[in-house]
Structure formats: C-alpha cells, structure tokens
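The values are calculated or read from the model by the stated rules, or taken from the named source; none is laboratory data. This is a predicted model, so every value here is computed, not measured. Ideal geometry is used to build each Cβ from the backbone, glycine not excepted, and the neighbour counts take in all protein chains shown. Remember, those area values only see protein heavy atoms, side chains included, never the ligands or the DNA or RNA. Shrake-Rupley method; radii C 1.70, N 1.55, O 1.52, S 1.80 Å.
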Amino acid sequence: MIYYTSIWQFQRFSLFLRKSLLCQTMELMDIMKQRRETLSLTQQDLAEMSQVGLATIKDIERGKGNPALSTVKKILDVLGIEIEYRIRQTV
C-alpha cells in the first residue's frame, strides 16, 4: 500500500513538473490557443463567451496587439486557466 502511494505521489509530482516546465517554455498565446482547441471552441465561440471582440482573440493568438490584463483575464476565465499575480520584492 505504501509503495503504491509513493508511486502515485511521484507520478503526480512528475505531471506537475512537466506542466510547470511546459508553461515556462510556451507563450501565453500558445497556451490559450491550445486550451481553446482542447475545449473544441472556435475563435468566434471564445469571443462570444468571453465578451471580447473576435479581432482581439485573433490578434492574441497571432501574437499581435497589446490586450489589457482585464481582457486576458476574461478569456482565461472562459478557458478555465488561472493566472497568478506576484509582486517581486526589489530591495
């Protein structure tokens, strides 16, 4: 029983580590597009659900434009992606 628990915990940690490394190497636009496709949403669907213009969705996925953080948050909420804000201490 302990052996199986250890393997399961190791597998969970490995999955977490892979996801963390993936997020560090992928751009936000790639993550958003991949998640949208995983959910089988079109760009139009995402625009309607997030109440963001279709042109904005297309620009973000192409790496163009400069959307406000509030716009990105609306899109990420629909995609089920959580964004974490951290304030660095620069002393």
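I'm checking my understanding of the structure. Among residues of the stretch 74-91 that are open to solvent by 50 Å² or more (accessible area, probe 1.4 Å) and touching a residue at least 24 places away in the same chain (Cβ under 8 Å), which one is farthest from VAL52 (Cα to Cα)? Filtering first and then ranking leaves GLY80. Criterion applied to THR56, THR71, THR25, THR42 was being surrounded by fewer than 12 Cβ atoms within 10 Å (Cβ to Cβ) and either modelled with pLDDT of 95 or more or on the phi < 0 side of the Ramachandran plot (or both), and the one residue passing it is THR25.
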